[in-house]
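The values are calculated or read from the model by the stated rules, or taken from the named source; none is laboratory data. These numbers come from a predicted model, not from an experiment. FYI the Cβ positions are ideal-geometry reconstructions off the backbone, even for glycines, and counts take in every protein chain you see. Please note that ligands, DNA and RNA were not included when accessible areas were found on the heavy atoms of the full protein model with its side chains. Shrake-Rupley method; radii C 1.70, N 1.55, O 1.52, S 1.80 Å.
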Amino acid sequence: MSTLEMAEPGKQLLNGTGSQGPPEQEEMPKGQDPGPAVLDGDGNVASGEGIPMAFRRATKGDTEPSEQGRNEEALMGELSELVHKVVKSSTWWERYGVDNCIIALSLLILPAGFLCLCSDNALPFLLGIFILGIVHYTVAVKATHLASHNALMESKTWGKVWAIFFIEVCSAFTVEQGIYNHVKIHHAYTNVIGLGDSSSWKLPFLNRYVYMFIAPIAIPILTPLVALDLLRNVKLATALRTVCCMFLGLYSHYWLLLNVSGFQSVWSALLCMLMTRSLLAHPFLHVNIFQHIGLPMFSVDKKPKRIHLMSLGVLNLPRNILLDWSFGHSLISCHVEHHLFPHLSDNMCLKVKPIVSQYLKKKQLSYNEDTYMSRFRLFLQNYEKLMVYAPPVTELVGIQ
């Protein structure tokens, strides 16, 4: 069987309603070589019509070209040529400048956030929490994600430097393991069982309400702990660098709260760190599960070619000012585009979005879109099917 059977025919979950019980899963054959890692590619859901958003079995029609005589490589090549023309005609400001400016502006308002926390009045204090939280997610999610794909600048050398700064200092994670898990596994094997199936976000021992509403608060605590565990897989020099960078980022945050914001106790400073670093933890967790889980899954030896894999296994959410700024377009409204062309910056993903969507729909390929609240209701109502009867949690929690 070429795909994961998410539900039996006639029992598919339409708009968040369906039958109970675990879906059948196809295991990856023992000893199966997953093949060479591909550094770019991801896919998404519907083509604008009423296609089920969860537990839909990928049919033969999903995995074959929509036009006779044209194979998947030709389709991807044609789309790549269209996108390349747009990128080539774009200015440096469009390719890199817009996103670099957003990151720089976020860092520039950081002092204002610490100063607001000096106030005894509730409004300025809450404003300070908000500023620090937004800045943290802009550098720890948006900048980290772009740096992992070397999409912040053309220079690979400086790209590596910024990746260490954003991923290790700002996000308290490890560069090598984070990039490997995200780029070489998640992107190369999007929605492939046992590899890029987003199972790292599944915690079957938690009930739906704890997972959706309480568990996200623990992400800032779990992230550095997972990173330290992953350091067993890297060289000693790399591990020492990562530990030093993580300590620098965390201690700098703590020191500034004590010496600039005027916190009087260790626990009050640590609590403030948790509040700011978990400000957008709920949408961060939700976005990660909404955009892949519940879409067609494939076995490693029977997965379709790249353009079909990426168009089927990825979903776009609507634009949102707060999340667009903090997470970036490539993680919100342009996730399909990002998985197809992961080297593009957030602004360029937004620019090529009309071309990609029109091309996929013209070729009768899937182009999945759904609202945040629709996905939220779906996951809350069908939590067991989507999040419990699934592979165990793995180590991909560092980067989306």
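With respect to the conditions (1) open to solvent by 20 Å² or more (accessible area, probe 1.4 Å); (2) over 22 Å from the mean Cα position of the chain (by Cα), Ala239 falls short on a single one, namely (1). In a residue-by-residue description of region 198-212, the property of being in a loop (DSSP other than H, G, I, E, B), in contact with a Gly (Cβ under 9 Å, 6 or more places away or on another chain) and open to solvent by less than 20 Å² (accessible area, probe 1.4 Å) applies to no position.
Any residue in region 319-332 that is closer than 23 Å to Met348 by Cβ and at pLDDT below 95? Checking region 319-332: not a single residue is closer than 23 Å to Met348 by Cβ and at pLDDT below 95. Checked against the criterion of being in a loop (DSSP other than H, G, I, E, B) and open to solvent by 40 Å² or more (accessible area, probe 1.4 Å), region 284-299 has no qualifying residue.
From the list Ile332, Ile321, the lone residue that is closer than 25 Å to Asn150 by Cβ and either in contact (Cβ under 8 Å) with a residue 40 or more places away in the chain or surrounded by fewer than 21 Cβ atoms within 10 Å (Cβ to Cβ) (or both) is Ile332.
Considering the conditions (1) touching a residue at least 40 places away in the same chain (Cβ under 8 Å); (2) buried (at least 21 other Cβ atoms within 10 Å of the Cβ), Leu115 is excluded by exactly one of them, (2).
Residue-level analysis places Gly262 outside the set of residues that are open to solvent by less than 50 Å² (accessible area, probe 1.4 Å), closer than 19 Å to Val169 by Cα and either in contact (Cβ under 8 Å) with a residue 12 or more places away in the chain or assigned to a helix (DSSP H, G or I) (or both).
Number of residues in region 296-317 that are over 15 Å from the mean Cα position of the chain (by Cα) and either closer than 14 Å to Leu365 by Cβ or not aromatic (Phe, Trp, Tyr) (or both): the value is 15.
Out of (1) of a type outside the set (Ser, Thr, Tyr); (2) within 14 Å of the chain's Cα centre (by Cα); (3) under 17 Å from Ile103 (Cβ atoms), what's the single condition that is false for Glu168? So Glu168 meets the others, but not (2). Screening Ala143, Ala122 for residues that are open to solvent by 10 Å² or more (accessible area, probe 1.4 Å) and free of Cβ contacts under 8 Å to residues at least 60 places away in the same chain leaves exactly one candidate, Ala122.
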